[in-house]
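**Q** Quick one: structure below, then a few questions.
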């Protein structure tokens, strides 16, 4: 790959890396919000009769929120794997640019 192509690839990878990091941050913030919501649901239901319909409804909502949290965990893991791959390719691309620069000035 030539110097210009490598530089363009580096810019693309940097942009993609920032996009993935942003998505990871958003997912982490959403997971934090979900955890807070689940805690609030459990606190609301703690002073009620465990067999009441309200507590059962709160329990169902908590279970649905846990399912959403698991999906967010899966998505977070995918983004983290993609980020590692982008960072590896970014390093390779930087090495190619360094080699091209060294070759050009020899």
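The values are calculated or read from the model by the stated rules, or taken from the named source; none is laboratory data. Small disclaimer: the values here were computed from a predicted structure and weren't measured. Glycine gets a Cβ as well: all are built from the backbone with ideal geometry, and neighbour counts include every protein chain shown.
**Q** Please go through (1) more than 21 Å from the chain's Cα centre (by Cα); (2) at pLDDT 90 or above for residue 106 and return the number of the only condition it doesn't satisfy.
**A** So the condition that residue 106 fails would be (2).
**Q** Ok, one more. Quick one: how many residues across the stretch 3-25 are over 29 Å from residue 73 (Cα atoms) and either surrounded by fewer than 16 Cβ atoms within 10 Å (Cβ to Cβ) or without any contact (Cβ under 8 Å) to a residue 60 or more places away in the chain (or both)? Please lay out each step first, then the result.
**A** Of the residues in the stretch 3-25, the ones over 29 Å from residue 73 (Cα atoms) are 3-9.
Now restrict to residues that are either surrounded by fewer than 16 Cβ atoms within 10 Å (Cβ to Cβ) or without any contact (Cβ under 8 Å) to a residue 60 or more places away in the chain (or both): 3-5, 7-8.
Count: 5.
**Q** Right, something else. Taking the stretch 27-75 on its own, how many of its residues are within 30 Å of residue 90 (Cβ to Cβ) and either surrounded by 13 or more Cβ atoms within 10 Å (Cβ to Cβ) or touching a strand residue (DSSP E or B) at 6+ places or on another chain (Cβ under 8 Å) (or both)?
**A** 5
**Q** Is it the case that the stretch 82-104 has a residue that's in contact with a helix residue (DSSP H, G or I) (Cβ under 9 Å, 6 or more places away or on another chain), surrounded by fewer than 11 Cβ atoms within 10 Å (Cβ to Cβ) and touching a residue at least 60 places away in the same chain (Cβ under 8 Å)?
**A** yes
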